[in-house]
Every structure is written in structure tokens, then in C-alpha cells.
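Below is one structure; the comments refer to it alone.
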Amino acid sequence: MKVLFIGGTGVISSACSALAVERGIDLYLLNRGRTKRPIPAGAKVIRGDINDPDIGELLAGHHWDAVVQWIGYIPEQIERDITLFRGKTDQYLFISSASVYQTPPAKLPVVESTILDNPYWDYSQDKIACEERLVRAYREEKFPITLIRPSHTYDPSKIPMLGGYNTLDRMIKGKPVIVYGDGSSLWTLTHHHDFAKGFVPLLGHSGAIGEAIHITSDEWLSWNQIYGIMGQALGVIPKLVHVPSDLINAFDPVVGAGLLGDKANSMIFDNSKVKRLAPDFSCTIPFSWGAKEIAAWYGADPARQVVDERLDRLMDRIIAAAESAFPEKPSA
């Protein structure tokens, strides 16, 4: 099977690239060569930029069993891809996002037929628009789409908490760290190797054509648990300060949009569909293992331990505001 990944070296796609090659797929990666992650042995690299007006010449002569768009975010990019790959692929997989689902959700767990409606986050609205254009292409000309919706997927370099390495640094130093809301909302974290086990079997799968499919872990954790597990991996007990997402948004609307449009709400998923299409799919890496990987990866190289001083000061200000607005209740 001959497959093209547009991208292929990101947090999620790097694990999928490695597994695709391991399973004998003839994998091509179209990217600019600007990556810190290694290209898996056996993958072929087409050096180029998908946004280059002459990219069609670079891809001339190829027909693909599947093309995966890992780095498409806006409808104009999708329009370009439809033109570029019309008649040249048997399957076009668009990596969307589970943040496209109704936010906050009216009902849990979320299924693929849950309405797409996220009024809080431009990123999600753009992904919805991309999906809508692809669905129209499928209806009007049978352009062979598969819509993939990852939720919060991580690797050892990707810290799944507000502030990235700043939060780890604060935990290690005994400084307070910010937790969204009261920390009780449920969240789903998926290790990138687990995601790959659900994704790769969908390549070239006729049953996936015309379908939307999310791929997530079945492990549901509260944010309090996530921070506690990360602290345990670091050998510390983190000092949690619970801050309303609206207050965080008042200090930083960019971060706030990602909270109000995603992480501030409980979000768990019914994965029955991907399990039907990929019967061997099973998530086997709990976050307790993933947290240890994260701690080891950052601990292995001081160059990775970069603290953003501006962000650290902002976190101090947010914590001070929260503690002022919501002082601790006196002990009984």
C-alpha cells in the first residue's frame, strides 16, 4: 500500500509514521525537513512545502492508496487539496479535532454523530469548516474522505497541562500550579503510540470512506488526578490552585479560548466505531506510564528544561488573583 503523509513528523503523526513503516506500508512523507523527530527508517521523504504553488509538479506521476493531511487547518488548504488529489488517491484522511464537538457537551460520552458546535475557539470553528467542505466534496463528487478526530494526544515531549514545562518546573520547586476550574472535570489523554494503533489500520480501509472517526483512550481522569499523577512521576506533591477558566481567559484570551472551547469541560468518548473498524485497537499506555516518560524525557537533557519567565510571572499573577478572589476557608 502506497501512502502519503503531508507532515508526518509531529507529536501524533511521528508514531503513526513509525507504525505504518513497521507494518509494511510504502510510506512517503511530504515535508520541509524542519523537524527534531527522526524520520523512520524505510520512509521516503519528498522534500517540499504543500503550500508551494508548484507542489503539483513535485507530486506528478504518483497515485496514492491513501493521503493523510496532518497539517490542514483552514478551508482554503482543503480546497487546494481537493484540487491536488482529485483522481490521484483512493482515500483522503483529514486530521480534524475532537474539539469540533458540541461544547459544552449536552451528553456524554461523545459519539461521532454528536453535533459539531464550538462557539468558543477559532481553531475548532476552522476545523468544522474544513470538515464541512470535505463532506460536500464527498456528496457532490465522491471525493473519498475519512475524517479523523483526535482528542488530547501527547508524547514524552508534550506536557498535557497549562504552561508546559513551566508547570513541571513549578512543581519541582514547590511553587503553586494552576488547575482549571475545581479540577473535577473528566478528561481523556491518549498516548501517541496508542493513537497510532487505531489510526494505521484505517489507511486503505474501504469501511472508513465517508466516515468520521475519533480515536482516544478509554482512560478518564480528572484534572486533579492528572496533576497528581504528574507530580508523582516527578517525586513531588504538587500545590494545586484551582482557577476558573473565565479568570484565566481574562488574563490571556488565547489560552482562555483553548480552555473555554475545550479543556474546561468534561469530555469522554465512545470508541466503539474505531474498534469495529480496527478490531485490534486497544490503548495500553495509562497516563501513569506516560507521565514517567515525560519526566524522564525532560530530566535527561537540561536544554529541554526551558522556563518562560514571562509566562511564569503571568501564572503568579493569575494565582494571586484567584487566591484574592477565592480565599481559603478557615479550618473548622
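The values are calculated or read from the model by the stated rules, or taken from the named source; none is laboratory data. Quick caveat, the model's predicted, so the values are computed rather than measured. Because the Cβ atoms are built from the backbone with ideal geometry, glycine has one as well, and the counts that use them run over all protein chains shown.
What to note about this one:
- Taken over the stretch 194-208, the criterion of being among the small types (Gly, Ala, Ser), farther than 14 Å from Arg23 by Cα and surrounded by 23 or more Cβ atoms within 10 Å (Cβ to Cβ) is satisfied by Ala208 alone.
- Screening the stretch 151-180 for residues that are surrounded by fewer than 19 Cβ atoms within 10 Å (Cβ to Cβ) and on the phi > 0 side of the Ramachandran plot and picking the one that is modelled with the highest pLDDT gives Gly174.
- Any hit, the stretch 163-176, residues being of a type in the set (A, V, I, L, M, F, W, C) and outside any helix (DSSP H, G or I): no
- Pairs where the first residue, in the stretch 129-150, is on the phi < 0 side of the Ramachandran plot and surrounded by 17 or more Cβ atoms within 10 Å (Cβ to Cβ) and the second is of a type in the set (Phe, Trp, Tyr) and not in a strand (DSSP E or B), C-beta under 6 Å, 6+ apart: Ala137/Phe143; Ile145/Tyr138
- Unmet criterion (only one of (1) surrounded by fewer than 19 Cβ atoms within 10 Å (Cβ to Cβ); (2) assigned by TED's automatic domain parsing to the domain that holds Glu141) for Gln232: (2)
- For the stretch 300-330, the set of residues classified as of a type in the set (Gly, Ala, Ser) and under 27 Å from the mean Cα position of the chain (by Cα) consists of Ala300, Ala303, listed by residue number.
- Condition check for Ala257: at pLDDT 95 or above, part of a helix (DSSP H, G or I) and either outside the structural domain of Tyr123 (by TED's automatic domain parsing) or under 24 Å from the mean Cα position of the chain (by Cα) (or both): no
- Residue in the stretch 80-100 that is of a type in the set (A, V, I, L, M), crowded, with 21+ Cβ neighbours inside 10 Å and either within 17 Å of Leu203 (Cα to Cα) or in contact with a Gly (Cβ under 7 Å, 6 or more places away or on another chain) (or both) present: yes
- Whenever a residue of the stretch 108-124 is surrounded by 14 or more Cβ atoms within 10 Å (Cβ to Cβ), its partners that are assigned to a helix (DSSP H, G or I) and among the basic types (Lys, Arg), lying with C-beta atoms within less than 8 angstrom and at least six residues away or across chains, give the pairs Val111/Lys273; Glu112/Lys273.
- Taking the stretch 238-282 as the range and being among the small types (Gly, Ala, Ser), touching a helix residue (DSSP H, G or I) at 6+ places or on another chain (Cβ under 8 Å) and within 30 Å of Gly204 (Cβ to Cβ) as the test, the residues that pass are Ala278, Ser282.
Residues are listed down the side, and each one gets a yes or a no for (1) out of contact with any strand residue (DSSP E or B) (no Cβ under 7 Å at 6 or more places or on another chain); (2) closer than 20 Å to Gly204 by Cβ; (3) in the same structural domain as Val200 (by TED's automatic domain parsing):
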site	(1), (2), (3)
Ala15	yes, yes, yes
Val21	no, yes, yes
Leu27	no, yes, yes
Leu30	no, yes, yes
Arg34	yes, no, yes
Asp49	yes, no, yes
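- Considering only residues in the stretch 181-193 that are surrounded by fewer than 22 Cβ atoms within 10 Å (Cβ to Cβ) and of a type in the set (Ser, Thr, Tyr), the one that is farthest from Gly210 (Cα to Cα) turns out to be Ser184.
- Where helices (runs of 4 or more DSSP H) fall wholly inside the stretch 1-113, the ranges with 3 or more residues that are aliphatic (A, V, I, L, M) are 11-22, 75-85.
- When Ile12, Ile6, Ile78 are checked against the criterion of being farther than 29 Å from Trp297 by Cα, of a type in the set (A, V, I, L, M) and in contact (Cβ under 8 Å) with a residue 40 or more places away in the chain, a single residue qualifies: Ile78.
- Those strands (runs of 3 or more DSSP E) of the stretch 181-251 in which at least 3 residues are touching a residue at least 12 places away in the same chain (Cβ under 8 Å), of a type in the set (A, V, I, L, M) and in contact with a strand residue (DSSP E or B) (Cβ under 7 Å, 6 or more places away or on another chain), considering only elements entirely within it, cover 211-215, 240-243.
- When Ser17 is tested against (1) closer than 21 Å to Cys130 by Cα; (2) surrounded by 23 or more Cβ atoms within 10 Å (Cβ to Cβ), only condition (1) is not met.
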